[in-house]
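What follows is a set of notes on a single structure, which appears directly below.
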Amino acid sequence: EAEVAQSPRYKITEKSQAVAFWCDPISGHATLYWYRQILGQGPELLVQFQDESVVDDSQLPKDRFSAERLKGVDSTLKIQPAELGDSAMYLCASSRDSKTQYFGPGTRLLVL
Amino acid sequence: LAKTTQPISMDSYEGQEVNITCSHNNIATNDYITWYQQFPSQGPRFIIQGYKTKVTNEVASLFIPADRKSSTLSLPRVSLSDTAVYYCLVTYGNKLVFGAGTILRVKS
């Protein structure tokens, strides 16, 4: 069964440093999502791509966060500079029909 | 304001049926409801998705009343391995809103 791949699985960084997360969606899935999940809460959508285009980034803190999906396949989410409050699980999901999403294992970020 | 509301936690025993309800008062005609299961340090796993009435698959059922202001995930005969957090996701137009999750604890 095809799965969404994410790396790294865990990342520890110091505040003010830059971090980047990578996501490889299920083959053929045109829609890709990045979510942030704070411990004890539901996932919060950061950005949604349709192929290489951004569909929704209204909740992305654009002063420090950026996301790209240059060739419409894999995607990178970057934070620069990282802040203590960015400590969370960063989840990537993909969808074939923009309706049913399949999630990757996530990247747990700890900012010290 | 689009909001998805679930109970914080539920307890059950092995072999029982568990029903978890999600409230979504502002759901629109074309919006749909999806349920996910999440274990610690893992990504959410798709369980079931529905738009109206009743949907059933090999692991769960989803009941959606006519007014669609709420929905109920039904897990038949739960086991200890069903202990997890269950999330309701509602699409409000082009907005994806997760509930805060329901912690289900299954006891022996």
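Please treat every number below as a calculation from the coordinates, not as lab data. Every value quoted in this text rests on a predicted model; they were computed, and no experiment measured them. Cβ: placed from backbone, ideal geometry, glycine included. Neighbour counts: every protein chain shown.
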FRET efficiency, residue B:29 to residue A:7 (Cβ-Cβ, R0 41 Å, nearest 0.05) | 0.55
The FRET efficiency for residue A:64 and residue B:21, from their Cβ-Cβ distance with R0 = 35 Å and rounded to 0.05, is 0.40
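In chain B, which GluC sites (Glu not before Pro) fall in coil by DSSP and have 12 or fewer other Cβ atoms within 10 Å? Don't skip to the answer; put the middle values down first.
Working: sites: B:14, B:17, B:58; in loops: B:14, B:17, B:58.
Hits after loop and neighbour filter: B:17, B:58.
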Note down the nm distance, to one decimal, between modelled labels 7 Å out along Cα→Cβ at residue A:16 and at residue B:69.
-> 5.3 nm
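If you wrap a convex hull around the C-alpha atoms of the protein assembly as shown and split its volume per residue, what is the figure in Å³?
Taking the convex hull of the Cα positions in the protein assembly as shown, it is 122 Å³ per residue.
Averaged over B:89-97, how many beta carbons belonging to a partner chain fall within 10 Å of each residue's beta carbon?
Values: counts 4, 0, 2, 0, 0, 5, 4, 10, 4.
Across the residues of B:89-97, the mean count of other-chain Cβ atoms within 10 Å is 3.
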Placing each pseudo-label 7 Å from Cα in the direction of the beta carbon, residue B:107 and residue B:9 end up separated by a distance in nanometres of 1.1 nm
Among the trypsin sites (Lys or Arg not before Pro) in region B:13-108, which ones are in a DSSP loop with at most 11 other Cβ atoms within 10 Å of the Cβ? Mind listing them?
-> B:77
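Roughly how many debye, to the nearest 20, is the charge dipole of region A:4-83 about its Cα centre, given +1 on each Lys and Arg Cβ, -1 on each Asp and Glu Cβ, and no other charges? Let's see the in-between values first.
Working: 9 positive and 11 negative charges, 53 e Å.
Dipole about the Cα centre, nearest 20: 260 debye.
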